[in-house]
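The values are calculated or read from the model by the stated rules, or taken from the named source; none is laboratory data. The shown structure was predicted, so the numbers you read here are calculated from the model rather than taken from an experiment. Cβ atoms come from the backbone with ideal geometry, glycine included; neighbour counts cover every protein chain shown.
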Amino acid sequence: METTSLYARLGGYDAIAAVTDELLARLLKDPQLGGFWKGHCEDSLRQDRQLVVNYMCAAAGGPVFYQGRDMKTSHKGLDISASDWEVFMQHATAVLAQFAVPPPERDEVLAFLTGLKGDIVERP
């Protein structure tokens, strides 16, 4: 039995990029999380966006190669708290709902993101 990748079920690159763009826009505007990007120039923000798109596409089984650092290295020293993580997850959940991602795929994405928590959160 052949299974279709999460990447394909989410709609491929363009769909994942659109969700990422909306999620990043929300994160940048969030009063608790926006400070993590304070001082980044537009070029750095574009590079961050592309890294996230590539990471999500690759993690979903797509034909995209992620060339960035692992999550632990990428977030080390940012002092991300459990509260920050919860706010991030609320935004992620809301964006998936906004794009009407079906429950099975939504749950897979949220489970995947939850699996990253230990590499990203540095304090309670």
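Count, please, the residues in the stretch 1-20 that happen to be part of a helix (DSSP H, G or I) and acidic (Asp, Glu). I'd like the intermediate steps shown before the answer.
The first filter runs over the stretch 1-20 and keeps only residues part of a helix (DSSP H, G or I), leaving 6-10, 12-20.
Going one step further and asking which of them are acidic (Asp, Glu), we end up with 14.
Residues in the stretch 1-20 being part of a helix (DSSP H, G or I) and acidic (Asp, Glu): 1 in total.
Checking the condition under 14 Å from the mean Cα position of the chain (by Cα), assigned to a helix (DSSP H, G or I), surrounded by fewer than 17 Cβ atoms within 10 Å (Cβ to Cβ) and modelled with pLDDT of 95 or more, which residue from 23, 28 passes? Walk me through it before giving the result.
Numbers: 23 fails: surrounded by fewer than 17 Cβ atoms within 10 Å (Cβ to Cβ).
When all the criteria are applied, what remains is 28.
Output the residue which, of all residues in the stretch 1-20 that are among the hydrophobic types (A, V, I, L, M, F, W, C) and under 28 Å from residue 44 (Cβ atoms), is surrounded by the fewest Cβ atoms within 10 Å (Cβ to Cβ).
First, the residues of the stretch 1-20 that are among the hydrophobic types (A, V, I, L, M, F, W, C): 1, 6, 8, 10, 15-19.
Cutting the leftovers down to under 28 Å from residue 44 (Cβ atoms) gives us 10, 15-19.
Numbers: 10: 24, 15: 16, 16: 24, 17: 18, 18: 14, 19: 21.
Checked the stretch 1-20; the qualifying residue surrounded by the fewest Cβ atoms within 10 Å (Cβ to Cβ) is 18.
Among 96, 78, 113, which is of a type outside the set (S, T, N, Q), more than 16 Å from residue 20 (Cα to Cα) and at pLDDT 95 or above? So that I can check it myself, show each step before the final result.
On the way: 96 fails: more than 16 Å from residue 20 (Cα to Cα); 113 fails: more than 16 Å from residue 20 (Cα to Cα).
Answer to the check: 78.
Being under 13 Å from the mean Cα position of the chain (by Cα) and at pLDDT 95 or above: is that true of residue 58 here?
Details: under 13 Å from the mean Cα position of the chain (by Cα): yes; at pLDDT 95 or above: yes.
Yes, satisfied.
Pick from 74, 44, 81: which is of a type in the set (S, T, N, Q) and in contact with a strand residue (DSSP E or B) (Cβ under 6 Å, 6 or more places away or on another chain)? Give the steps one after another, and end with the answer.
Values: 74 fails: in contact with a strand residue (DSSP E or B) (Cβ under 6 Å, 6 or more places away or on another chain); 44 fails: in contact with a strand residue (DSSP E or B) (Cβ under 6 Å, 6 or more places away or on another chain).
Exactly one residue qualifies, and that residue is 81.
Looking only at the stretch 58-112, how many residues end up being loosely packed, with under 13 Cβ neighbours inside 10 Å, in contact (Cβ under 8 Å) with a residue 12 or more places away in the chain and charged (D, E, K, R)?
Residues in the stretch 58-112 being loosely packed, with under 13 Cβ neighbours inside 10 Å, in contact (Cβ under 8 Å) with a residue 12 or more places away in the chain and charged (D, E, K, R): 3 in total.
For the stretch 31-56, enumerate the residues that are touching a residue at least 40 places away in the same chain (Cβ under 8 Å) and in a helix (DSSP H, G or I). Give the derivation first.
Initial filter on the stretch 31-56 (touching a residue at least 40 places away in the same chain (Cβ under 8 Å)): 32-33, 36, 53, 56.
Scanning the stretch 31-56 gives 36, 53, 56.
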